[in-house]
1. Return a whole-number percent for the relative contact order of the chain, with Cα pairs under 8 Å and 6 or more residues apart as the contact set.
2. To the nearest 20 debye, what is the magnitude of the charge dipole of the stretch 287-424 about its Cα centre, counting +1 on the Cβ of each Lys and Arg and -1 on the Cβ of each Asp and Glu?
3. Provide the net charge surrounding TYR234, with neighbours chosen by a C-beta distance below 14 Å and charges set as Lys +1, Arg +1, Asp -1, Glu -1.
4. Pulled fully out, how much extra length does the chain show between LEU418 and ALA343, if you take 0.36 nm times their separation in residues and subtract their Cα-Cα distance?
5. How much length would be gained if the chain were fully extended between SER386 and VAL88, taking 0.36 nm per residue of separation minus their Cα-Cα distance, in nm to one decimal?
6. How many percent of the alpha carbon pairs in the stretch 53-123 exceed a separation of 17 Å?
7. Work from the charge dipole of the chain (Cβ charges, +1 for Lys and Arg, -1 for Asp and Glu, about the Cα centre) and give the residue of VAL302, SER220, ALA376 farthest towards its positive end.
8. Nothing charged except the Cβ atoms of Lys and Arg (+1) and of Asp and Glu (-1): what's the magnitude of the dipole of the stretch 53-123 about its Cα centre? Round to the nearest 20 debye.
Amino acid sequence: MIQVDETLAASELHRVVEEVVRQTPVFDIHTHLYPPAFGGLCLWGIDELVNYHYLIAELFRSSSVTPQEFWAQSKSRQADLIWDALFVKNSPLSEAAAGVVTVMIKLGLDPCRPDLKQAREYFASLTVEQYTDRVLEIANVSDLVMTNDPFNPTEKAAWKSHKDCPERFHRALRMDPILNDWEVAHAAMAAEGFKTHLQLSPQISDEARRFLDHWIARLSPVYLAVSLPYTFKYPDDSTCTRLIQEVVIPTCREHRIPFAMMIGVSRQVNPALRDAGDSLGYADLGSVERLCAENPDVRFLVTVLSRENQHALCVAARKFSNLMPFGCWWFLNNPSIVEEITAERLELLGSTAILQHSDARILDQLIYKWAHARRAISRVLAESYSRLMADGYPLSRKQIERDVERMFSGNFRRWAGLPVSTGR
Ligand code: FIX
Ligand code: ZN
């Protein structure tokens, strides 16, 4: 029971919620980040930050530069073009542009400069090791999960040479080619000595499982992950269905690790934009429900790219306790939509979801993605508590701390079988 002296006054609620959300460390369960030892895979600094593919897409709406002309430039010249178009000639109103402003201001840099000279001098004075610790501290990120693609030659070489990977950089084994392009995946596995073949059979599925076992032993991943197109259907007569049933699910079951599905991409609708060329579509959430129903002993992590699908995902999670919704992914990671998704999750799921992940590709982005997420989440969470208090519920700070810790890290730690912090 709540001790009377601990009960919060309505007038202090918003301040306390904002403080607790700001002070609670987060476990960032999906990023594209790497630790410093991974060299060129570890992206950081102003030229990478301004060259985020979200901003590249926005450049072409505010400049006469064509993609062909852009890609022919050096990284720093590309950053200059983006800076001039989105930050000098226009106000940084988009979420991605506002994010760069947040990072610069929190680092003590001037976001109103006509060029990137000051910022470049600042980053030139840092080592990536110093900067990594600084960014994780400012963003209050205790742990993060990488995206580790065994089909990426650079990544494969890094793991073969046993690069140092600090424990707070958890691994996720990413399997896109296996489920989305078996023709490419089977050949890549065969080139590594696995007896895979285009034509599936029980023996071929066993070899694919051996490939996953090999990488699970190397990475100790906290989950297996895949990004699936909005057209994903389960079950159907596709290779994808057969590989999920004969390879992925049995592997998750044997290793007792979750299966993370990120569903809704419409890949490369404009290939000229490269990483910025993807779009989205409305996905069939019945496929997720059937997977959860068929495999009650397997834990699923799911996020979706269509705003409308997020509501359906909340309803599906009410039906299946082995389904964990996570994050406001990609085109949904905008304050207005983060607030909407957070509100529907609290209303439908209480504190049982994983509210956000950063999807950061550049280390610096952790600073803004988590500052902006915390601002949106605080607003919605305070509103939920204020409705409870208005009905006479005696709320304490300790309850808010417990709830936020659960949504920011406890839900994932339990899902991934990681030690749960002992609380305050
Ligand atoms: O599939 C993914 O992991 C997506 O998050 C990326 O492909 C996407 O480009 C991205 O970084 C979105 O934020
Ligand atoms: Zn991602």
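1. Working: 667 pairs, mean separation 95.1, N = 424.
After rounding, I find 22 percent.
2. Approximately 400 debye in magnitude.
3. Neighbourhood net charge equals -3.
4. Details: separation 75, 0.36 × 75 = 27.00 nm, distance 2.73 nm.
Extra length available between LEU418 and ALA343 comes to 24.3 nm.
5. Contour length minus the Cα-Cα distance gives 103.2 nm.
6. Values: 999 of 2485 pairs.
That tail contains 40 percent of the Cα-Cα pairs.
7. SER220
8. Result for the stretch 53-123 is approximately 80 debye, rounded to the nearest 20.
Each reported figure results from applying straightforward, stated rules to the coordinates on display, with no laboratory input. The model shown is predicted, which means the values in this text are computed figures rather than measured ones. Quick reminder, even Gly has a Cβ in these numbers, built from the backbone with ideal geometry, and neighbours come from all protein chains shown.
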